[in-house]
1. Look through Ala163, Ala187, Ala168 and report the one residue that is assigned to a helix (DSSP H, G or I) and either farther than 16 Å from Arg84 by Cβ or β-branched (Val, Ile, Thr) (or both).
2. Filter segment 141-155 down to the residues that are surrounded by fewer than 22 Cβ atoms within 10 Å (Cβ to Cβ) and under 16 Å from the mean Cα position of the chain (by Cα), then identify the one that is farthest from Val127 (Cα to Cα).
3. Considering Ile203, Ile274, Ile250, which residue is modelled with pLDDT of 95 or more, of a type outside the set (Lys, Arg), over 24 Å from Phe174 (Cα atoms) and surrounded by 18 or more Cβ atoms within 10 Å (Cβ to Cβ)?
4. Filtering segment 321-336 down to residues that are part of a helix (DSSP H, G or I) and without any contact (Cβ under 8 Å) to a residue 40 or more places away in the chain, which residue is farthest from Ile27 (Cα to Cα)?
5. At pLDDT 95 or above, closer than 14 Å to Val228 by Cβ and loosely packed, with under 15 Cβ neighbours inside 10 Å: is that true of Ile185 in this structure?
6. Within segment 206-220, is even one residue buried (at least 22 other Cβ atoms within 10 Å of the Cβ), closer than 30 Å to His291 by Cα and without any contact (Cβ under 8 Å) to a residue 60 or more places away in the chain?
7. For segment 199-301, give me every one of the helices (runs of 4 or more DSSP H) that falls completely inside it and has 1 or more residues that are in contact with an Asp or Glu (Cβ under 7 Å, 6 or more places away or on another chain) and either within 27 Å of His148 (Cβ to Cβ) or among the charged types (D, E, K, R) (or both).
8. Does Phe31 satisfy the criteria of being crowded, with 17+ Cβ neighbours inside 10 Å and either of a type in the set (Val, Ile, Thr) or under 30 Å from Ile170 (Cβ atoms) (or both)?
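The values are calculated or read from the model by the stated rules, or taken from the named source; none is laboratory data. Because the structure is a prediction, the values reported are computed rather than measured. No Cβ is skipped: glycine too gets one built from the backbone with ideal geometry, and neighbour counts run over all protein chains shown.
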Amino acid sequence: MSKTPAYLESKSHYEILDGLRGVASIIVVAFHVFETYSGNRFNQIINHGYLAVDFFFVLSGFVVAYAYDDRWGKMTTWDFYKRRLIRLQPMVIMGSIIGAALFYFQSGSAFPLIADTPVWKMLIVMVVGATLVPLLPSMDIRGWQEMHPLNGPAWSLFFEYIANILYAAIVRKFSKTLLSIFVFITACFLIQYLVFGPNGDVIGGWSIDKTQLHIGFARLLYPFFSGVLLFRIGKLIHIKGAFAVCSLLIIVVLAVPRIGGTEHLWMNGLYEAIVIIIIFPLIVAIGAGGHMTGNFATKVCKFLGDISYPLYITHYPLIYLHIAWVSNNKIPMGEGLLGGLVLLIVSVLIAWACLKLYDEPVRNWLKKRYLVKRA
């Protein structure tokens, strides 16, 4: 006989937050398509699309606190880690496998190391990537010095795991006052880098060196733990049409062009600080406080929420392909956007297939194997 303890029962989801995560994931794919043609950080279309990662961290902190804050009397820290691993790790593995399968098709001037990378080395990188252990720049096989050269966005999952460890080991025990002080300090840390730092933006975090780790922790600490604090404060905003309003807000703040140019970097840094520190928590508060009223809208939010994580963690090997295709064939943006649209559609289809054929069955098996208590 088996039973699932109370702390393992899934709580109801915030449907609008699920949908918003999907909206942001689609914007990330579009941003990466356009980024291929941008040339530099000042000319990107959907210029602030990279801030979707910081939005994900706010969302994650809020949802983790909602799911687990009241369960610590019924579960251990290791129980929490097991649940988070089962939720996230299967798709990390799939992202690494897809990256490996497409790796040698990405060879060209954009990725100079691919042609000289032996298969055994690529396979080692795939296995290490599947564990999410970051690689040092000396193990780079692409030329971009990513900690996960087969699937670049996995860097944010590396930091997500750090946030989960910090939450379970330390921050969950904080009072609201202590957490508020901690969040204020991390906001100052973020503002210092954005306004007084070298680039006026938070682009980065994907490599193991002093500068990139600085960016990664600046991007992680305030957003994630502000999400935790937002849940604990419990001051949600209730408005009609919350999903539409929040979706529009996300699209607008991510699409705003670069501010200040090369001469006034601090202006763009200030904009990003305002977005991350104020607007993203505001969007989450509105989304969590809203309600879906129509059956169709509910289904849309569920679909977007379902594909959001698989889409985010599997799309970038296709972006590498797109970059190589554009670079090797000197494709201008006007001619390449149809390929970009096909890439977006294929990315969604791959995400859905991975979810239904792999992720959900594997997670269900792992839950039965490692989370269900035997009585």
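1. When all the criteria are applied, what remains is Ala187.
2. Pro153
3. Answer to the selection: Ile250.
4. Asn329
5. No.
6. The answer is no, given that none of the residues of segment 206-220 is buried (at least 22 other Cβ atoms within 10 Å of the Cβ), closer than 30 Å to His291 by Cα and without any contact (Cβ under 8 Å) to a residue 60 or more places away in the chain.
7. Result: 210-233, 265-274, 280-289.
8. Answer is no for this residue.
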